[in-house]
Amino acid sequence: MATQRVRIRRSTPPFNPSEAPEEPEELLEITLRVNGTEHDLEVPGRRLLSDALRHDLGLTGTHVGCEHGVCGACTVLVDGRPSRSCLMFAATAQGHEITTVEGLARPDGTLGPVQQAFVECHGLQCGFCTPGFLTTITAYLEENPDPTQEEAREAIAGNLCRCTGYQNIVRSVCRAAELRREGEQQ
Ligand code: FES
Ligand code: FES
């Protein structure tokens, strides 16, 4: 399938207009490859990857909770590895393959195994933390396709959820592993 290319001429203003610098900032021309599509955009050097994804590319599935690397809500995959997009500059993400929660569905648009497992096991309530869990667990199951409950709990230890008590998220990890294995057998 041919790679899509999208051009965005100018970065949107900072989220909080009161933070706008008095002098216009120099903009960098960068290309981000996100969920298989290349996006050309102009951003200030200090533009965070999380803001570029949400505000410049409109991929609002990546959530921003703490902006300090603590909560994990902003986790995306960078070359398949979970990374806090609030701790990374958009410019440094160039040349890497970024996968956001929007990229976790199957090619036909149906839910991927981790998404499906969260639905089945009631792994979310408000859903704010969910994109970070989904990306983290997707990467984890690549490394450990058959985790125990204990291992599943450890795998999600870096992500914070204020709603679910984690029990159903742990069940979701184990169910997602099952769904992946079933998918491989088909
Ligand atoms: S918003 Fe990035 S870790 Fe909390
Ligand atoms: S489902 Fe609400 S914060 Fe996790």
Tilt relative to the chain, helix 167-185 - C-alpha long axis, 0 to 90 degrees, to 10: 80
The range 113-151 and the range 62-88: distance between their alpha carbon centers, rounded to Å: 15
Rounded to 10°, Cα long-axis angle of helix 130-143 versus longest principal axis of the chain: 60
Intensity falloff of the chain expressed as log10 I(q)/I(0), Debye formula with alpha-carbon point scatterers, at q = 0.09 Å⁻¹: -0.34
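Sum -39500 (n - 2.57) across every DSSP H segment of at least 4 residues in the chain, then divide by the residue count to get the 222 nm mean residue ellipticity, nearest 500.
Roughly -8000 deg cm²/dmol at 222 nm, from the helical runs in the chain.
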Which of Cys74, Cys174, Cys163, Cys126 is most accessible, then next, and so on - probe 1.4 Å: Cys126, Cys163, Cys174, Cys74
Sulfur and carbon atoms: percent of accessible area, the chain [1.4 Å]: 50
Top positive-direction residue, dipole computed over the range 113-185 with Cβ charges, set Leu179, Gly165, Thr148: Gly165
Charge dipole (the chain, unit charges on Cβ, about Cα centre) - positive-most of Leu104, Val34, Ala139: Leu104
Debye intensity ratio I(q)/I(0), log10, the range 113-185, q values 0.13, 0.28 Å⁻¹ (C-alpha model): -0.29, -1.45
Relative contact order computed over the range 103-186 (Cα-Cα under 8 Å; 6+ residues apart), in percent: 42
About the Cα centre, charge dipole magnitude for the chain (Lys/Arg +1, Asp/Glu -1 at Cβ), debye: 360
Local electrostatic count, Val34, Cβ distance below 9 Å [Lys/Arg +1, Asp/Glu -1]: -2
Farthest positive-ward along the chain dipole, Cα basis, beta-carbon charges - from Ser83, Gly95, Thr130: Thr130
Solvent-accessible area per residue for the range 118-186 (1.4 angstrom probe, square angstrom): 55
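The values are calculated or read from the model by the stated rules, or taken from the named source; none is laboratory data. No experiment lies behind these values; they were computed from the predicted model shown. Note that each Cβ is placed from the backbone with ideal geometry, even for glycine, and that neighbours are counted across all protein chains shown. Protein only, heavy atoms only, side chains kept; ligands, DNA and RNA dropped before computing areas. Shrake-Rupley method; radii C 1.70, N 1.55, O 1.52, S 1.80 Å.
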